Amino acid sequence: MLVPLVSELPQKSKPQFEIPLCIPFINKRQTTSQETKMKIIPIPVLEDNYAYILIDDKTKEAAVIDPVEPTKILNVLSQTGAKLTSVFTTHHHWDHSGGNIELVAKKPGLAVYGADARIPEINYVCKDHDEFKIGTLLVTPLHTPCHTKGSVCYYVVDPATNERAVFTGDTLFVGGCGRFFEGDARDMYRILFHVLGRLPEDTWVFCGHEYTRANLKVRSLSRNCFLVRRRYLVNANCPPLLVCSDRGPPKRDAPCKSRLVSG
Ligand SMILES: [Zn+2]
């Protein structure tokens with residue numbers, strides 16, 4: 001459904017890595033013995049999409065983000081022991097919301113969050129910054145209308161560990177952003193720099209597609225653009241996970257947090 005930031009780039013790029021499934025990889029970057037309460041499992045789906053499972057380890061409550069292939073998601077979920085209660089839909093495009101009907105049929109009673117009437121099975125309409133919970137995790141929907149008018153990014157905070165993550169769907173990728181189907185450049189600028197760009201610097205970003213390699217081929221953009229600068233911090237073998245802290249000067253020798261979760 002999407003193409004990279006610059007239209008002349010190849011429109012599809014296969015994932016260059018495999019992320020081990022059912023690995024609570026946020027735990028892997030823990031340097032203390034403090035128990036991590038938030039787990040996020042990325043699941044490659046379709047050609048280059050990512051779905052995610054979010055688990056509050058304390059309560060074993062889980063949500064899924066854009067579960068376009070329900071069977072694959074439920075197979076992974078069954079290995080976690082968590083109970084699925086919610087679906088976060090980032091926007092209505094079929095490669096993100098297209099699994100909702102099948103998933104709700106298999107798991108009746110799910111709360112399906114979103115901000116667009118075009119999302120199948122939606123039963124909770126997110127208001128901007130109207131916080132809700134998954135177990136003990138705090139979820140804040142951020143309205144980011146541009147790729148579609150109903151696009152939402154879900155910002156999640158674990159109050160016990162202060163871990164933070166944001167699921168950006170087709171609004172923000174590694175090294176690029178989604179196309180402006182129902183907005184314009186002014187909208188995207190506001191979203192990138194005044195909504196997502198203002199999240200805490202240690203926020204982990206989980207995007208909706210694997211476009212990293214193609215996006216990082218962009219040479220014409222300024223090195224001062226934080227989207228491009230991230231190429232100093234990742235390589236093609238990294239999963240699409242970055243923190244927002246790379247807005248300062250490029251640090252070639254700095255530890256790359258995203259590498260810690262590479263598969
Ligand atoms: Zn889309």
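Specify the inter-centroid distance of region 160-188 and region 104-127, based on alpha-carbon positions, in whole Å.
Here the two parts' Cα centres lie 21 Å apart.
From the Cα gyration tensor of region 90-201, with a ≥ b ≥ c the square roots of its eigenvalues, which class applies: rounded if a/c is under 1.5, or else prolate if a/b is larger than b/c, or else oblate?
Oblate shape, in that a/c is at least 1.5 and b/c is the bigger or equal ratio.
For every other residue with a beta carbon closer than 11 angstrom to the beta carbon of Cys177, add +1 if it is Lys or Arg and -1 if Asp or Glu, then tell me the sum.
That sum, taken over residues with Cβ under 11 Å, equals -1.
Which peptide among 119-131, 78-90, 141-153 comes first, and what is the full order, when sorted by highest mean count of other Cβ atoms within 10 Å?
141-153, 78-90, 119-131
Report the local net charge at Pro145: Lys and Arg +1, Asp and Glu -1, summed over other residues whose C-beta lies under 15 Å from its C-beta.
Its environment carries a net charge of 0.
What residues of region 151-184 lie in the reach of a label at Lys133, counting those whose backbone N is under 13 Å from a point 7 Å from the Cα along Cα→Cβ?
Only 158-160 pass the distance filter.
Given a cut-off of 16 Å, what percent of all Cα-Cα pairs of region 96-138 lie beyond it?
Working: 383 of 903 pairs.
Beyond 16 Å sits 42 percent of the P(r) for region 96-138.
Given H placed 1.01 Å from N in the peptide plane, which residues other than close sequence neighbours of Cys207 have an amide H under 5 Å from its amide H?
Placed amide hydrogens put Thr168 under 5 Å from Cys207.
Note down the net charge around Glu131, summing +1 for each Lys or Arg and -1 for each Asp or Glu among other residues with Cβ under 14 Å from its Cβ.
Details: positive: Lys127, Lys133, Arg164; negative: Asp128, Asp130, Asp158.
So the surrounding residues net to 0.
Where a number appears in this text, it was derived from the coordinates with a stated rule and is not lab data. This structure is a prediction, so every number in the text was calculated from the model and none was measured. Because the Cβ atoms are built from the backbone with ideal geometry, glycine has one as well, and the counts that use them run over all protein chains shown.
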